[in-house]
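Chemist: If you scroll down you'll find the structure; I have some questions about it.
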């Protein structure tokens, strides 16, 4: 777990340079140079491909010493990427790879797989369930349950399932989800009438040796049936040495006219953790990248936040971080001691208490807004792993890749 959180702290210093080229036979498509301030093992990266069409064969990363790292071709919002888990030496030293496509089959069977299960899409790493994507709920799609590598569910079961002794407040807090409480004046955060609904229109999935991907298109619908806007979401699931990782990217599109995302604390990218992990009703803790702890983390701006507590696996938790390219980075966090844990860049007035400020943003007609986050679900104690030592070093982010002509 420490490795990927160190990655979170060091990713602001991560640079991946990609020199695109095509050789005879069209096999090698890029040279990749990646450096990081910290040593990272099995760090998930997405390397953009510039050639079109993509060569046939199996993608792989080859190091100068002849080592091979399996890759996987994935498509995100119309762009092709090679997904891979790479080792980085740290201390600014560079790991160099060639990205190639060859006839060699991927070693072993598909390691991450999306399967239909219980009216949902279940994501497995081998026989271990990572999460289920649920889309049949009338008000929003969500991930539930979400598991650590040790099989501990880090999401509250209510209201999907009754668990004796579990907190049963806020019926709209379902697993891991994205909505907002003020979209053109309509409430999509809550549930019931008169609330807005986020309705999944289409879904596509891919499985592979490196990651699993769920892509959806969703309509945001007013109580009277009018479509307000739509979004495109990509959820990439990884199994890494540090824990299970979910990369969550959403693009909100103003397809029906301008969209105003209003200033409210009720939002936006969120998870509800179980009672045993909470600060208020359990024995858990909250810590953010600025060093704010437990209840003091509410409403504060931070690059990442960790929520963890003692579990059947010893200690288990969730780290959530945002891409520094996000709007209004570092975001405000609606991180509650009772278990809600949400990144919300819009609720400036509520979080600061300054009634003269307005955190609203308007997406013009035909425009879009993209937000990206990483979720790390881990077993272990982050404080024993040394979180305070690197908590101030900033943010987790997707690798910054420079493609050269």
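Chemist: Hey, could you check the range 292-308 for residues that are on the phi < 0 side of the Ramachandran plot and surrounded by fewer than 24 Cβ atoms within 10 Å (Cβ to Cβ) and say which is nearest to the chain's Cα centre (by Cα)? Steps first, answer last, please.
Modeler: Just the residues of the range 292-308 that are on the phi < 0 side of the Ramachandran plot, to begin with: 292-293, 295-298, 300-308.
Subsequent filtering for residues that are surrounded by fewer than 24 Cβ atoms within 10 Å (Cβ to Cβ) retains 292-293, 295-296, 298, 300-301.
Working: 292: 22, 293: 22, 295: 24, 296: 24, 298: 20, 300: 20, 301: 18 Å.
Among residues in the range 292-308 that are on the phi < 0 side of the Ramachandran plot and surrounded by fewer than 24 Cβ atoms within 10 Å (Cβ to Cβ), the one nearest to the chain's Cα centre (by Cα) is 301.
Chemist: Cβ-Cβ distance below 9 Å, separation of 6 or more or different chains: which pairs start in the range 297-319 with a residue that is closer than 19 Å to residue 349 by Cα and not assigned by TED's automatic domain parsing to the domain that holds residue 354 and end on one that is crowded, with 24+ Cβ neighbours inside 10 Å and at pLDDT 95 or above?
Modeler: Nothing qualifies.
Chemist: Given (1) outside any loop (DSSP other than H, G, I, E, B); (2) more than 22 Å from residue 214 (Cα to Cα), where does residue 195 come up short, assuming only one miss?
Modeler: (1)
Chemist: Return only the number of the condition from (1) surrounded by fewer than 21 Cβ atoms within 10 Å (Cβ to Cβ); (2) at pLDDT 95 or above; (3) assigned to a loop (DSSP other than H, G, I, E, B) that residue 324 does not satisfy.
Modeler: Against the list (1) surrounded by fewer than 21 Cβ atoms within 10 Å (Cβ to Cβ); (2) at pLDDT 95 or above; (3) assigned to a loop (DSSP other than H, G, I, E, B), residue 324 comes up short only on (2).
Chemist: In the list 239, 253, which residue meets the criterion of being under 22 Å from the mean Cα position of the chain (by Cα) and crowded, with 20+ Cβ neighbours inside 10 Å?
Modeler: Numbers: 253 fails: crowded, with 20+ Cβ neighbours inside 10 Å.
Checking each option against the conditions leaves just 239.
Chemist: Of the conditions (1) out of contact with any helix residue (DSSP H, G or I) (no Cβ under 8 Å at 6 or more places or on another chain); (2) closer than 23 Å to residue 148 by Cβ; (3) crowded, with 23+ Cβ neighbours inside 10 Å, residue 331 clears all except one; give me its number.
Modeler: Only one criterion is unmet by residue 331, namely (2).
A quick yes/no check of all residues on (1) closer than 24 Å to residue 149 by Cα; (2) at pLDDT below 95; (3) touching a strand residue (DSSP E or B) at 6+ places or on another chain (Cβ under 8 Å); (4) not assigned by TED's automatic domain parsing to the domain that holds residue 69:
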site	(1), (2), (3), (4)
213	yes, no, yes, yes
217	no, no, yes, yes
227	no, no, yes, yes
232	no, no, yes, yes
236	yes, no, yes, yes
244	yes, yes, yes, yes
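Chemist: Now for a separate question. Checking residue 62 against (1) closer than 25 Å to residue 372 by Cβ; (2) buried (at least 16 other Cβ atoms within 10 Å of the Cβ); (3) out of contact with any helix residue (DSSP H, G or I) (no Cβ under 6 Å at 6 or more places or on another chain); (4) modelled with pLDDT of 80 or more: exactly one of these is not met. Which one?
Modeler: (1)
Chemist: What residue, of 48, 55, is within 22 Å of the chain's Cα centre (by Cα) and modelled with pLDDT of 80 or more? Walk me through how you get there before you give the answer.
Modeler: Values: 55 fails: within 22 Å of the chain's Cα centre (by Cα).
The match here is 48.
Chemist: For residue 85, only one of the following conditions fails: (1) at pLDDT 85 or above; (2) touching a helix residue (DSSP H, G or I) at 6+ places or on another chain (Cβ under 9 Å). What is its number?
Modeler: (2)
Chemist: Further question: Scanning for something in contact with a strand residue (DSSP E or B) (Cβ under 9 Å, 6 or more places away or on another chain), in a loop (DSSP other than H, G, I, E, B), within 13 Å of residue 211 (Cβ to Cβ) and not assigned by TED's automatic domain parsing to the domain that holds residue 191, does the range 56-67 turn up at least one residue? Break it down stepwise before answering.
Modeler: Within the range 56-67, the first condition is being in contact with a strand residue (DSSP E or B) (Cβ under 9 Å, 6 or more places away or on another chain), and the residues that meet it are 56-64, 67.
Next cut, in a loop (DSSP other than H, G, I, E, B) only: 56-57, 63-64, 67.
Filter once more, keeping what is within 13 Å of residue 211 (Cβ to Cβ): none.
Taking every residue of the range 56-67 in turn, none turns out to be in contact with a strand residue (DSSP E or B) (Cβ under 9 Å, 6 or more places away or on another chain), in a loop (DSSP other than H, G, I, E, B), within 13 Å of residue 211 (Cβ to Cβ) and not assigned by TED's automatic domain parsing to the domain that holds residue 191.
Chemist: In the range 234-255, is there at least one residue being part of a loop (DSSP other than H, G, I, E, B), at negative phi and free of Cβ contacts under 8 Å to residues at least 60 places away in the same chain? I'd like the intermediate steps shown before the answer.
Modeler: Going through the range 234-255, the residues part of a loop (DSSP other than H, G, I, E, B) turn out to be 241-242, 254.
Checking the rest, the ones that are also at negative phi come to 241-242, 254.
From what is left, the residues that are free of Cβ contacts under 8 Å to residues at least 60 places away in the same chain are none.
Within the range 234-255 (the criterion being part of a loop (DSSP other than H, G, I, E, B), at negative phi and free of Cβ contacts under 8 Å to residues at least 60 places away in the same chain), the answer is no, since none of the residues qualifies.
Chemist: Also, I was wondering about something else. Looking at the range 258-291 only, could you name the residues that are at pLDDT 95 or above, in a loop (DSSP other than H, G, I, E, B), over 21 Å from the mean Cα position of the chain (by Cα) and surrounded by fewer than 24 Cβ atoms within 10 Å (Cβ to Cβ)?
Modeler: Selection gives 258, 262, 263, 264, 279, 280.
Chemist: Of the residues 224, 219, which is without any contact (Cβ under 8 Å) to a residue 40 or more places away in the chain and assigned to a strand (DSSP E or B)? Even if it seems obvious, please write down each step before you answer.
Modeler: Numbers: 224 fails: assigned to a strand (DSSP E or B).
Answer to the selection: 219.
Chemist: Another question, if that's okay. Right, residue 116: without any contact (Cβ under 8 Å) to a residue 24 or more places away in the chain, in contact with a strand residue (DSSP E or B) (Cβ under 9 Å, 6 or more places away or on another chain), in the same structural domain as residue 233 (by TED's automatic domain parsing) and not in a loop (DSSP other than H, G, I, E, B) or not?
Modeler: On the way: without any contact (Cβ under 8 Å) to a residue 24 or more places away in the chain: yes; in contact with a strand residue (DSSP E or B) (Cβ under 9 Å, 6 or more places away or on another chain): yes; in the same structural domain as residue 233 (by TED's automatic domain parsing): yes; not in a loop (DSSP other than H, G, I, E, B): yes.
Criteria met by residue 116.
Chemist: Kindly indicate whether residue 210 is surrounded by fewer than 17 Cβ atoms within 10 Å (Cβ to Cβ) and under 22 Å from residue 73 (Cβ atoms).
Modeler: Working: surrounded by fewer than 17 Cβ atoms within 10 Å (Cβ to Cβ): no; under 22 Å from residue 73 (Cβ atoms): yes.
Here the answer is no, as residue 210 does not meet what is asked.
The values are calculated or read from the model by the stated rules, or taken from the named source; none is laboratory data. It should be emphasised that the depicted structure is a prediction, and the values quoted were computed from it without experimental measurement. Backbone-built Cβ (ideal geometry, glycine too); neighbour counts: all protein chains shown.
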